[in-house]
1. Ignoring ligands, DNA and RNA, what percent of the 1.4 Å accessible area of the chain is carbon and sulfur?
2. Per residue Cα convex hull volume for the range 323-408, in cubic angstrom?
3. What is the magnitude of the charge dipole of the chain about its Cα centre, with +1 placed on the Cβ of each Lys and Arg, -1 on the Cβ of each Asp and Glu, and no other charges, expressed in debye to the nearest 20?
4. Quick check: from the Cα gyration tensor, does the range 269-359 come out rounded (a/c under 1.5), prolate or oblate?
5. Under the definition of Cα pairs under 8 Å and six or more residues apart, what whole-number percent is the relative contact order of the chain?
6. So, taking all protein chains as they sit and a 1.4 Å probe, how much accessible area belongs to S139, in Å² rounded to tens?
7. Quick one: work out the % antiparallel among DSSP beta bridges in the chain, nearest 5.
8. Enter the accessible area per residue of the chain (Å², integer; probe 1.4 Å; all protein chains in place).
Amino acid sequence: MKRFIVLVIVLLLIPVGGYSLDTEKEKKKETKMDDIVVSAGRIDESKKDLTTDVIIIDKNDIENSTANDLADLLFQKAGIYVKKYPGTLSSPGIRGFKTDDHGHDNGEVLILIDGRRTGTGSAKIMTKNVERVEIIKGSAAIQYGASAIGGVINVITKRGKDKKELNFETKYGSYDFREISGSLSGKIGKFDLSFQASESKENSYKTGAHEKYENTGYDSLTNFSLNAGFEFIKGHRLGVIVSQFDQDKVGTPNKLSSNDPNDYKDVSNMSYDLSYEGQNSSGSLLWKIKEFKVIDKNNTYRVPANSVTITETDLIGSQGQFSYVSDDIVLTTGIDYQKYENTNSSNPKYYEYEDTAIFMLGKLFMFDHDLVINGGFRYDEHTLTYENQKNENENFCPSIGMGYFVTDVIKLRTNYSEAYSVPSGFQLFVDNDYSAFGWGTYLGNPNLKPESSKTYEGGIDLYFNENNISITYFRTNFKDKIISYEETTDNHRYKNSDRVKIEGIELSYSKRYENLFNQDLSVKPYFNGTLLTKYEDQEGNKLSQTADQTYSMGLMVSGFDGFNSDLNLHYTGRQEAYGSVKQKPYTVMNLSVSKRFMLNKAGGLTVKGEVKNISDADYDSVYGYPMSGRTIYMSLRYDF
C-alpha cells in the first residue's frame, strides 16, 4: 500500500501540459475500425493498429448467450478449444496450448481480469458483471510475461456509466437449477459504481445418452463483483474492485464408468484491486498503477476415506506503467511484480513463486497511419522456493510486428514473438504416492527449465460494408515442453521433452445487417474458427488433448421493440485423448430467445428462454467425462 501511495503522489506531480493530437487523422483512423482493445498493448487502442489476431466478445454477445461463466462463453463464441470437466475445472486452449485447469501460472495460455493475473480457473469467472472479453491469439509475453505462449484471455469488468441501471432476475431450469441475481450500476457526479450479486444451485445431470451422471451438481454458488471509482480530477480516477466466488459441495464424480457419488469439494476465490489511472490535459501522457490480492482455495473431501486435501494459493501483485502518446508514436514502459504463496496438505506443502519484470512496448505510425510498426521486449526474473531449494530463471522476450493498409478496406499484417512458461512447484518438488488412486508415485525435478516458444504469423483483415473478416496463418516452434514419464513401473517423474511444432489457420467473420426489409430488424452472423495443420513432436506424435479444429458460429437477431435471439453452434474436432485412445468430434447447439416488455414508467420486464445442447448430443469434453444433455432454462428480469 505504501508503494501505491508514493507512486500516486509522484504521478500527480507530472506537468499537465502537452500538445493535442491531429483530430482529422484520428477521424480517418476510426472510420476503418472502431473496436477498442485494451489488452493488446496495455492501453486503449484501435483494433486496426494491431499486428496480431484479436477476438472481442462484447456486452451484447455476452447478454444474448446462454453462458454463465467464462469457460462456457469462450466455448460458444471464441472458436477455441475448451477442456471442461463437470464442476469448476476447465482449461481454454488457443493454438494448441492450454491454461492450467485451475488457472495457475504453469499453463501456456494466460487468463487476466482487467489486465492482471487471476490466480484461478475460467469456470470461476462469472459473466454477469463482464463488459467484454478480449482474446489475443498468439504470444503476448512481452505484455504479460509467463504463460502467454498460446495467447491471452483478458476479461474486462463493467464500470458505472451515466445511464443508471437497477435490475433483479430469477432463473429456473433443468435439474432443479435455481438462480437469483441483481445488479446496480451508474454514475453520480465524480463517482461511478457497478455491482452484481447472484446465488444459484443445481442437481446432478443426465448425459446426452440419458444416463444419470451422479454427483455432477452443487449445493450453492454465491458470487458478487463490485467495481467503484472516484474521478477526483478530470482524467484521474481512483478505482476499487472486489469480487468473490464461493461454491459449496461441488461434486467430483470421477469418470462415468467409475462414477463416485460421494466425493466433493468446496472452492472459493476472493480478490481485491486498488488502482489509479491518470493523464495530462491533452492525453499525451498516461499512467496506471494497480495493486491486487487474490486468495484461491480448493478443499477436496474423500467421503468414504474421511479425508480432505487442502490447496490454497495467495497471490499479491503490483503493476505500474507510463505511456507517451502522439499522432505518430506510442511508447509504454512499466514494471510488474507478483508473488504466489502455495499451501497444500500434500507435498510440496508450501512453496513461493516470485516474478519481477520490466517491459517496453512501442508503435510507430507512418504514411498517414496506413503503416504501423510495433515492437518491444520484456525481461523477467523468477524465483521458486521450496524449503531450502530454489529454482531461479531469467527470461528475455522480444516481439516485432507490422501492419499495412493496402487500401482503406484491406490490411496485411505480420508478427514475430517469443514466449515462455515456468515450471510449477508441483513439477519441481512433488514427492507423493497416489497409488490409492491408481496413479502410482510422482517425483519432481528441480532441474526443469522453462518452456519456450517462437511464433511467426501473418494475416489479412478485410473491412467493407460492415463486414469484418480476418484470416491468419501461424507457426509456433516450442521447445523444452514439460511432460511426465514413467521412470520405472508406476513411478513417474517430470522432464523437459523435445521440440514441438504447431501450425494452423484462423478465420473470423462477422457482419451486422441493419433495418432489414425496412423493419426494426437487425441480423448478425458470426464465425470464429481454428484449424491446426500440424501439432506434433519431433517424432511425429500428435499432442494429446488437442483438437485438430474448433469452430464457433451463430446468428444473432434483434429488433421488434426488445426482441433478441442467438442461435449458436460449436464444433470440436478429433483429438488424441491419451495413449492410443482417440476422442470423437462433437457438435453442440445452443439457443437463447428474449423479449423485453416496457411497463410505462414502472420499468421493463424481460422474459428469456434458453436451450443448451439442443440436439441432446452425447459428448465428452474430456474423455470419460460426458457433459450434460439437453437443458432448458427460463428467466424473468425486471429493470427499474
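The values are calculated or read from the model by the stated rules, or taken from the named source; none is laboratory data. These figures come from a predicted structure and were not determined experimentally. Backbone-built Cβ (ideal geometry, glycine too); neighbour counts: all protein chains shown. Surface areas here come from the heavy atoms of the whole protein model, side chains and all, with no ligands, DNA or RNA. Shrake-Rupley method; radii C 1.70, N 1.55, O 1.52, S 1.80 Å.
1. On the way: 15380 of 27700 Å².
Whole-percent figure for carbon plus sulfur exposure: 56.
2. Details: hull volume 10.3 nm³, N = 86.
Roughly 120 Å³ of hull volume per residue.
3. On the way: 75 positive and 88 negative charges, 211 e Å.
Once rounded to the nearest 20, the dipole reads 1020 debye.
4. On the way: a/c = 4.76, a/b = 3.14, b/c = 1.52.
Prolate.
5. 12 percent
6. Rounded to the nearest 10, that gives 10 Å².
7. Numbers: 305 of 314 bridges.
Percent antiparallel among DSSP bridges in the chain is about 95.
8. On the way: 27700 Å² over 640 residues.
Here the per-residue accessible area is 43 Å².
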